Amino acid sequence: MFTRRLNSPFIYLLGFISLFLGADYLVHKGIQTGLEKYYGISSENEIAFVGHSHLMLGVDKERFEEEIGKKVSKYTIEGVNVYDRYLMLNHLMDENKNLKTIVYGVNPWMFTGSGLSENSYQLFLPFMNNELIGNYVKKEMDGFEYWQKKIIKSSRYNERLVSGSMRGYLGIWSNLKFGNLDPEKYRKRIENGDYRQINSLETNRNIFEKSINELTSQGINVVLLYVPTTDLYNDLEPREFSNELDYFRKIEKENDRVLYFEYLNGWESNYDLFFDPIHLNPEGQALLTEQFISDIEKNEEKLSP
Amino acid sequence: MLFSSWEYIIFFAVLIPVYFRLEQQYRNYLLCIASYYFYMSWRWEFGFLMLFVSIVNFYTGKKIASRNTGNRKAWLFGGIFISLLPLFYFKYANFFLESMNVITSEAGYDISNLYVSVILPVGISFFTFQALSYSIDIYNEKIKPETNLVNFIGFVAFFPQLIAGPIERASNMLPQFKEKHVFNFDHFKEGAMLFIWGLFKKIVIADRLAIYSDPVFNSPELYSGQTIFLATLFFTFQIYCDFSGYSDMAIGSARILGFKLMQNFNLPYLSSSIGEFWKRWHISLSSWFSDYLYIPLGGNRVPIRRWVFNIYVVFLVSGLWHGANWTFVIWGGLHASYYLVEYIGKKIISYFNIESIRNQKSYKYFRIFVTFLLVFYSWLFFRANSLSDALYMSGKVFEFSGSLWFGSSSVTTLLSLALIIFLIVVELLQYNKKIPVYINQESVFPKWLVWASYIILLLGISIFGISSNAFIYFQF
């Protein structure tokens, strides 16, 4: 009778499902550990970069560490909006009580309500066990999807996260975008209306200010870094563009623990430094990193705890 | 309801135990209800359209077979005409009117106000052709008419193959509706394995390749020749994985319920001629056209001019079957031309008595490569949004000019290339009979490795699956 039971379809299925769930858990743990290394979460680093792809491709973390002499976390995710960044900051602070300085990537389009990845919450799924992130992703998904991600843990990942995890294990933070910007191609796109407009929402500004206030009130310095973008986009709405930059300058003026760096002159029209209109290529990254390190060193006193 | 959705998995998981627990006499009622639920969950009103086509063919079949029917041919053509009306209205009315408008507008008459605003019912070409084959087979006295309307409705609407095939024949399916299917764990395993492989091809490979190919085909003027080449290559594998993935999931689902559907794909990109390609690609449609169009036209037992005409008719109609656009017509025309050129090539080889080179392996690989290139080029016309786009792209695709676009995410593009290589490796193993192409065949690999590979496939689906895209062939 026992043998018959062992041969029953039910036992086979149960065995297969158990094996799958076991493999699923191991894969999840493996990818998650790599990602934590890649983003520098659960570390004791004093400096962290937080932002989206501009910052990801804009600053060379390894070169920065070498020159400044401190370990750095680079928690940058493509397409994250202002609220996502608020979460990332909280996630970092939950896991690392040693943070002294946050380099926060800013740009004139960051308060626009649309145009960034609408499902950027998916990039936080690996960390959904963190309470704040867990509540956020739960709000973004329907109940079925939420529980599916809870049970089948490998479904929290995608190729970008897997690639990040592999980079974490291999210790590769380089900008791997190659090639130069083809301005003509993008001019055509812009003529077709294919570009992101500046349309700042008050709610997004409030979240940003809340993030800054929470950081500075805990004694953390904030460096707002505008990684350059090309004049192909910068010149499309000059008045709005200028207003946004004034807003960042105002934030810097109002807060002793905030510094703001922008790189426009000499950068925005030098297309050889860009991969596309808003992202630097490795050559551009090297130059910006050098300039940024130099600017940080000049302001070392202000950035000391 | 998509096969690749959780909705379908739950629907099917509920259906299996209910189906096998039900008494035999009620099972086909359940299949009909499940199939109509499956179809009407998309748009309920089109369920009536399918029911209409089913009833028309059921009674047409009865009339044709009846001894009291005087003119069987008239009944057949009447049935075909009425069955094709919805297809023509929903699929071809605007194509016809737009094409007419090009001519009439030259003469100063604009008929664009006659265009109809309709949504194409999903899978209409599939269920219409399946229903028609029943009436024609009765007329040709290949089968006897079905007496049970429920069985017939179940045959036309059978949900696993309803929306994108395989286009089944009554002679294969109707007897299966009368059999008593008992739950068989081997069938379950075979069906589930095929379903998993189909799902992998669809949501991991096909949908990922679309991320690169879609923007290029939607705005080809923005991209270089190299990029157009890569996008066409990606589409070549995308359409294969999309459609064969659907077929695998259909055959797998049916197998679990105890039904055996026909094989629809058999490693088509390893064909060494266009003729062979059409014996391996969308087999159920190719054989449909062969049986119900090519042979009635006289097949190849006619003078050469008439045969050439027959070939063009079959391929052009096949093109139109896929879509009401001149790009599909050109795609069909290209394949007809390939077929004929190949025929001439064969004749030349025979004439010069150089048959020996045919047996050389390198010659075979060369033919596989050339056939692939020809098929690759034709997909460009199939996928292009308009004739002008197709012509523009066909001029650039072999130019290899400009810089290559690496996609919105180079990681995704690199993964896409890796997946194509993986697919080719799997297909080569299948071609060399190391692993089975379809169910019921033994693998040379140990069982534990087969099970482990399915766990890896499931993990691949879980991590890399993209779950939102509809199947390409639904639009046909």
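The values are calculated or read from the model by the stated rules, or taken from the named source; none is laboratory data. Bear in mind the structure is a predicted one, so any value in this text is a computation, not a measurement. Don't worry about glycine lacking a Cβ; one is built from the backbone with ideal geometry, like all the others, and counts go over all protein chains shown. Side chains are part of the model used for accessible areas, which takes the heavy atoms of the whole protein and leaves out ligands, DNA and RNA. Shrake-Rupley method; radii C 1.70, N 1.55, O 1.52, S 1.80 Å.
Residue-wise test of (1) away from chain A (no Cβ under 14 Å); (2) crowded, with 23+ Cβ neighbours inside 10 Å; (3) over 30 Å from B:A452 (Cβ atoms).
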| position | (1), (2), (3) |
| --- | --- |
| B:F185 | no, no, no |
| B:F188 | no, no, no |
| B:L194 | yes, yes, no |
| B:K201 | yes, yes, no |
| B:I211 | no, no, no |
| B:P215 | no, no, yes |
| B:E221 | no, no, yes |
| B:A231 | yes, yes, yes |
Residue selected from segment A:266-305 under the condition free of Cβ contacts under 8 Å to residues at least 60 places away in the same chain and of a type in the set (A, V, I, L, M), by the criterion farthest from A:L236 (Cα to Cα): A:L287
Selection within segment A:110-125 - modelled with pLDDT under 60 and over 13 Å from the mean Cα position of the chain (by Cα): A:G115
Enumeration of residues in segment B:352-391 that are of a type in the set (K, R) and open to solvent by 80 Å² or more (accessible area, probe 1.4 Å): B:R358, B:K361, B:K364
Criterion (assigned by TED's automatic domain parsing to the domain that holds B:G154 and free of Cβ contacts under 8 Å to residues at least 24 places away in the same chain) met by exactly one of B:I16, B:I111: B:I111
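Against the definition (among the charged types (D, E, K, R), more than 10 Å from chain B (Cβ to nearest Cβ) and on the phi < 0 side of the Ramachandran plot), how does A:K253 come out, yes or no? Full working, then the answer.
Numbers: among the charged types (D, E, K, R): yes; more than 10 Å from chain B (Cβ to nearest Cβ): yes; on the phi < 0 side of the Ramachandran plot: yes.
Yes; evaluated as a whole, the condition is true for this residue.
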Residues that are more than 10 Å from chain B (Cβ to nearest Cβ) and not in a helix (DSSP H, G or I), drawn from segment A:149-181: A:G171, A:I172, A:W173, A:S174, A:N175, A:L181
Cβ-Cβ under 7 Å pairs, at least 6 apart or on other chains, segment B:210-236 side free of Cβ contacts under 8 Å to residues at least 24 places away in the same chain, far side of a type in the set (F, W, Y): B:A231/B:Y212; B:A231/B:F217
In segment A:1-16, residue modelled with the lowest pLDDT [restricted to those that are surrounded by fewer than 13 Cβ atoms within 10 Å (Cβ to Cβ) and facing another protein chain (nearest Cβ under 10 Å)]: A:N7
Among (1) at pLDDT below 85; (2) buried (at least 17 other Cβ atoms within 10 Å of the Cβ); (3) in contact with a Gly (Cβ under 8 Å, 6 or more places away or on another chain) - the single one A:G168 does not satisfy: (1)
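Could you pull out the residue among A:G284, A:G266 that is on the phi > 0 side of the Ramachandran plot and small (G, A, S)? I'd like the intermediate steps shown before the answer.
Working: A:G284 fails: on the phi > 0 side of the Ramachandran plot.
Exactly one of A:G284, A:G266 is on the phi > 0 side of the Ramachandran plot and small (G, A, S), namely A:G266.
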Residue among B:L233, B:L257, B:L194 that is in contact with a helix residue (DSSP H, G or I) (Cβ under 9 Å, 6 or more places away or on another chain) and within 29 Å of B:Y338 (Cβ to Cβ): B:L233
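Is it the case that B:F309 is surrounded by fewer than 18 Cβ atoms within 10 Å (Cβ to Cβ), aromatic (F, W, Y) and farther than 25 Å from B:M1 by Cβ?
Numbers: surrounded by fewer than 18 Cβ atoms within 10 Å (Cβ to Cβ): yes; aromatic (F, W, Y): yes; farther than 25 Å from B:M1 by Cβ: yes.
Yes; evaluated as a whole, the condition is true for this residue.
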Test: residue in segment B:437-449 that is within 14 Å of chain A (Cβ to nearest Cβ), modelled with pLDDT under 95 and out of contact with any Ser or Thr (no Cβ under 9 Å at 6 or more places or on another chain): yes
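Residues to consider are A:I212, A:I151; find the one that is open to solvent by 40 Å² or more (accessible area, probe 1.4 Å), at pLDDT 90 or above and of a type in the set (A, V, I, L, M). Spell out how you get there, then give the answer.
Details: A:I212 fails: open to solvent by 40 Å² or more (accessible area, probe 1.4 Å).
When all the criteria are applied, what remains is A:I151.
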Residue tally, condition part of a helix (DSSP H, G or I) and touching a strand residue (DSSP E or B) at 6+ places or on another chain (Cβ under 9 Å), over segment A:209-229: 4
Pick from segment B:315-338, criterion of a type in the set (S, T, Y) and closer than 30 Å to B:A93 by Cβ, ranking: surrounded by the fewest Cβ atoms within 10 Å (Cβ to Cβ): B:S337
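Of all residues in segment B:270-288, which are within 21 Å of B:A250 (Cβ to Cβ) and either charged (D, E, K, R) or open to solvent by less than 10 Å² (accessible area, probe 1.4 Å) (or both)?
Within segment B:270-288, B:K279, B:R280, B:W281, B:H282, B:S284, B:L285 qualify.
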Candidate set: segment A:126-145, residues that are within 14 Å of chain B (Cβ to nearest Cβ) and at pLDDT below 90; chosen: the one least open to solvent (accessible area, probe 1.4 Å): A:M141
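Pick out the one residue from A:I220, A:I207 that is touching a helix residue (DSSP H, G or I) at 6+ places or on another chain (Cβ under 7 Å), more than 14 Å from chain B (Cβ to nearest Cβ) and open to solvent by less than 50 Å² (accessible area, probe 1.4 Å). Break it down into steps so the answer makes sense when it comes.
Values: A:I220 fails: touching a helix residue (DSSP H, G or I) at 6+ places or on another chain (Cβ under 7 Å).
Residue meeting the stated conditions: A:I207.
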Subset of segment B:289-298 [open to solvent by 30 Å² or more (accessible area, probe 1.4 Å) and more than 18 Å from the chain's Cα centre (by Cα)]: B:Y294, B:I295, B:P296, B:L297
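Grab the helices (runs of 4 or more DSSP H) fully contained in segment B:22-120, keeping just those with 3 or more residues being over 28 Å from B:L2 (Cα atoms). Steps first, answer last, please.
Values: elements: B:24-40, B:46-65, B:72-87, B:93-106.
Output list reads B:46-65, B:72-87, B:93-106.
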Matching residues, segment B:37-87, being of a type in the set (F, W, Y), within 24 Å of the chain's Cα centre (by Cα) and open to solvent by less than 30 Å² (accessible area, probe 1.4 Å): B:F38, B:Y39, B:F46
Of all residues making up segment A:230-265, the number that are surrounded by 13 or more Cβ atoms within 10 Å (Cβ to Cβ) and not in a helix (DSSP H, G or I): 12
